[in-house]
1. Can you tell me which residue is modelled with the lowest pLDDT among those in the range 1-16 that are part of a loop (DSSP other than H, G, I, E, B) and surrounded by 15 or more Cβ atoms within 10 Å (Cβ to Cβ)?
2. Would it be correct to say that Tyr19 is assigned to a strand (DSSP E or B), at pLDDT below 95 and aromatic (Phe, Trp, Tyr)?
3. Filter the range 21-35 down to the residues that are closer than 15 Å to Val73 by Cα and either without any contact (Cβ under 8 Å) to a residue 60 or more places away in the chain or polar (S, T, N, Q) (or both) and list them by number.
4. Select from the range 29-80 the residues that are among the β-branched types (Val, Ile, Thr), open to solvent by less than 30 Å² (accessible area, probe 1.4 Å) and either in contact with a Lys or Arg (Cβ under 6 Å, 6 or more places away or on another chain) or assigned to a strand (DSSP E or B) (or both) and list them in ascending order.
5. Among the residues of the range 72-89, is there at least one that is basic (Lys, Arg) and touching a Gly at 6+ places or on another chain (Cβ under 7 Å)?
6. When you look at Arg86, is it in a loop (DSSP other than H, G, I, E, B) and either out of contact with any Pro (no Cβ under 8 Å at 6 or more places or on another chain) or among the charged types (D, E, K, R) (or both), yes or no?
7. So Asp24 clears everything in (1) surrounded by fewer than 13 Cβ atoms within 10 Å (Cβ to Cβ); (2) under 12 Å from the mean Cα position of the chain (by Cα) except one condition, right? Which one?
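The values are calculated or read from the model by the stated rules, or taken from the named source; none is laboratory data. Note that the coordinates shown come from a computational prediction; the quantities given were computed from them, not determined experimentally. Using ideal geometry, Cβ is built from the backbone for each residue, glycine included, and neighbour counts are taken over all protein chains shown. The protein model used for the area step is the full one, side chains on, heavy atoms only, and it has no ligands, DNA or RNA in it. Shrake-Rupley method; radii C 1.70, N 1.55, O 1.52, S 1.80 Å.
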Amino acid sequence: MKLLRAVRVEDCFDGSSVYRYFFDSVWSREEIRRLGELGRLDYYPDFPRPFFRVVGPGGAQLRGVEGERSCQVVLPRQDRQEVIERLERHFS
């Protein structure tokens, strides 16, 4: 999967930033499992809309649904640039 763009969606009161990341293909089961490289992966393939969430270092979160082309990314207040760079490397 290749990251096409990131769009800021909202500001949170705790200082984190929320983005919607858009990709060139849909989230497949294999791509979701690969997210385990970024942190703790919670994956619920039996939900009506199979949901996944990754919680990485510093509290960064990535959440999405299998079969969609985007996901939500919550960046922590601290080490934000480091988290962004790690995500971009993962999706390049």
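1. In this case the residue turns out to be Ser16.
2. Yes, satisfied.
3. Phe22, Trp27, Ile32, Leu35 - these are the residues of the range 21-35 that are closer than 15 Å to Val73 by Cα and either without any contact (Cβ under 8 Å) to a residue 60 or more places away in the chain or polar (S, T, N, Q) (or both).
4. Within the range 29-80, Val54, Val65, Val73, Val74 meet the criteria.
5. Scanning the range 72-89, I find at least one residue that is basic (Lys, Arg) and touching a Gly at 6+ places or on another chain (Cβ under 7 Å), so the answer is yes.
6. no
7. Every condition holds for Asp24 apart from (2).
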